[in-house]
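I have placed the structure first, in the form of structure tokens, so that the comments after it can refer back to it.
Since every read-out is calculated from the coordinates, none of them should be taken as a lab result. Not measured: the values here are computed from a predicted model. Here the Cβ positions follow ideal geometry from the backbone for every residue, glycine too, while neighbour counts run over all protein chains shown.
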There are 2 protein chains.
Amino acid sequence: MARHAGVSTTAVSKVLRNAYGTSPQMHRLVRAAVDQLGYRPSAAARALRGRTWTVGVMLPDVRNPFFADILDGVAEHLDGSEYQVLMTSGCNDAASEARVTEAMIDRSMDGLILIAPVSLPAHLERVARTVPTVVIGRHSRSARYDTVNDDDFTGAGLMVAHLAGLGHRRIAHIEHHETDRVRLAEMPNALRADGYRHAMLEHGLAAHIDIASTSYTRDGGHHGARILLDREHPPTAIFAGADVVALGVLDALAEAGLSVPGDISVTGYDNIALAGYRPISLTTVDQAGHRIGTTATQLLLDRIAEPGRPAVQVKLTPTPAVRATTGPPR
Amino acid sequence: MARHAGVSTTAVSKVLRNAYGTSPQMHRLVRAAVDQLGYRPSAAARALRGRTWTVGVMLPDVRNPFFADILDGVAEHLDGSEYQVLMTSGCNDAASEARVTEAMIDRSMDGLILIAPVSLPAHLERVARTVPTVVIGRHSRSARYDTVNDDDFTGAGLMVAHLAGLGHRRIAHIEHHETDRVRLAEMPNALRADGYRHAMLEHGLAAHIDIASTSYTRDGGHHGARILLDREHPPTAIFAGADVVALGVLDALAEAGLSVPGDISVTGYDNIALAGYRPISLTTVDQAGHRIGTTATQLLLDRIAEPGRPAVQVKLTPTPAVRATTGPPR
């Protein structure tokens, strides 16, 4: 780089350290070379500091309480270690995720845990090439990073089986809208919708497949329920793709004066702490967020210790958590 | 430091940059001097990198959804800027906070927002001396950092006035247990308890002051309600010091087969998003978390631009949010 800038290596070093005795012109020359070569100050900082004992965790959304369960698992596994967890929000958006992952790399983190990233596979590969990475909640396969997932396809089937077992036939689903081909194959939301369709077929209910495509938020649940209630033949049960979605469904049903499960059954997915809260008592799928967090953290520590080791894919088995929002149809 | 280590300044610089041409002995000498002088590699990194465009936000607890409102405000105010937010959890514990703030300083953050820190004032001063700092949710006064608070004392009075206006006399309170003298004067929870006592006096209800001392968690609310229901004369209304506490109260009341507000009225404090959720519809105090977040962020950016400027104390005025969990006593 010194050659590129046309100044001495000592001068470059001085400028990068903000040392005294450097002229404005020297600064300009070095900075221009830095920009042109894409030289990162953080790389220097990393070499200077060695390990930073920092693990970065990217969440898609600070409002979905399911992620708090994962974070608890991460924190528990790192308890007593020297590691510090720094969290960021990727905002469920590829552009934000690019910025956030870049920022975490710039800040020399020793390893990253990315939760349900929506980025292109090439971006995830690039991140994992730069820093040890574990991805939670994305059914992708890479030689460079480890993954921890719940078996979302099977989990969705558990809810359909539970509702069909109660005698429901018009079982509708609320999904997180998705059009990207890769994400349709890899994201938990897409696999839950697939699992729903597949299970409906298996139970001979193909004619009753009915999906409202909104988002994995409370508003998305409220909106999805409104769509489904307006059908000519409204469902007798709604399987919401996430617990936060189910909360929005319950809200819309209360608003419409419908009783749960008397008039209509509701299920979620995730088993957030609030699902077990008595005034809500949501039937849902337990995907053991805490264990997802501890497992991912162990994989990350292994990978930091041995960056080149083969990638591991962990798939955890979900279990149904039956509570008070489901019952037989009228 | 070079003199201290007994080597040349060039050698020190080389070692700190992990440059080639340094002997193991030189490394040892410099590292020993570094340890002895408490010289931080991060300080070198900071000088080397200049501004890091990183704002650190310390939360007490990732499970209390009120903090998501503050974070929304922070994110909105930084949207479009170069700043990246990194979050940490201080775990509501002075030892963890010391570790977390130290970690954020080590990682060269340009500024810190500390939410409801429980640390000793001396520690907060030390942090603010090292890095531009804004403190949310602590009624302390410092020349070095800015504060943003809700008027907790007044807010508590709003709930007592609302309940007394409905005809309640046995109005009980659930507080976050606190014994530290300084925190009793500065923490929002302590000011809410004070505001409750003061308002009870003002309404001629001194004889009915009744406080269950647990914690600002859902479990704390559940436990507090159990304590109050076991009194010889149970309250006809419970003012929980935080919305998460009120959620626990509602759970305990449902468990006990009591109807709300028919048998007993319940109020919270914070106005979390869930409080407005129809199936819960909690009467509470709106302390405008979003505005707290934007205000604190503006103060922090000002302070980063002008670190020595006089400290600012902002106190926001709370408003009551009356919903469905309060009504006249039987």
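Summary of values
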| quantity | calculated |
| --- | --- |
| Angle between chain B longest axis and helix B:152-165 axis [Cα atoms, degrees, rounded to 10] | 10 |
| Amide H partners (placed H, <5 Å) of B:Val57, local residues excluded | B:Leu86, B:Met87, B:Thr88, B:Ile113 |
| Exam field: B:Thr179 pseudo-label spacings to other copies (7 Å along Cα-Cβ), nanometres | 6.2 |
| 0 to 90° range, to nearest 10: angle between helix A:121-130 axis and chain A longest Cα axis | 40 |
| Space enclosed by the convex hull of the alpha-carbon atoms of chain A, per residue, Å³ | 155 |
| Principal axis dimensions, largest first and in whole angstrom, of the range B:152-287 by Cα | 39, 30, 25 |
| Distances in nm from B:Arg51 to the matching label points in the other copies, shortest first (labels 7 Å along Cα to Cβ) | 3.4 |
| Long-range amide H partners of B:Asp150 with built H, under 5 Å | B:Gly137, B:Leu316 |
| At q = 0.08 Å⁻¹, base-10 log of I(q)/I(0) for the protein assembly as shown (Debye sum, equal scatterers on each alpha carbon) | -0.67 |
| Charge sum, other residues only, whose C-beta stays under 15 Å from B:Gly220's C-beta, Lys/Arg counted +1 and Asp/Glu -1 | -3 |
| Exam field: B:Gly308 pseudo-label spacings to other copies (7 Å along Cα-Cβ), nanometres | 5.4 |
| Model label zone, A:Ser142; criterion: amide N under 17 Å from point 7 Å along Cα-to-beta-carbon; scope the range A:179-203 | A:182-188 |
| Length added when fully stretched, A:Ile304-A:Asp219, from 0.36 nm per residue minus Cα-Cα | 26.7 nm |
| Neighbour net charge for B:Leu71 - beta-carbon separation under 15 angstrom, K R +1, D E -1 | -4 |
| Principal-axis tilt of helix A:66-78 within chain A, Cα atoms, nearest 10 degrees | 50 |
| A:Thr179-B:Glu202 FRET efficiency (beta carbon distance; Förster radius 45 Å; 0.05 resolution) | 0.15 |
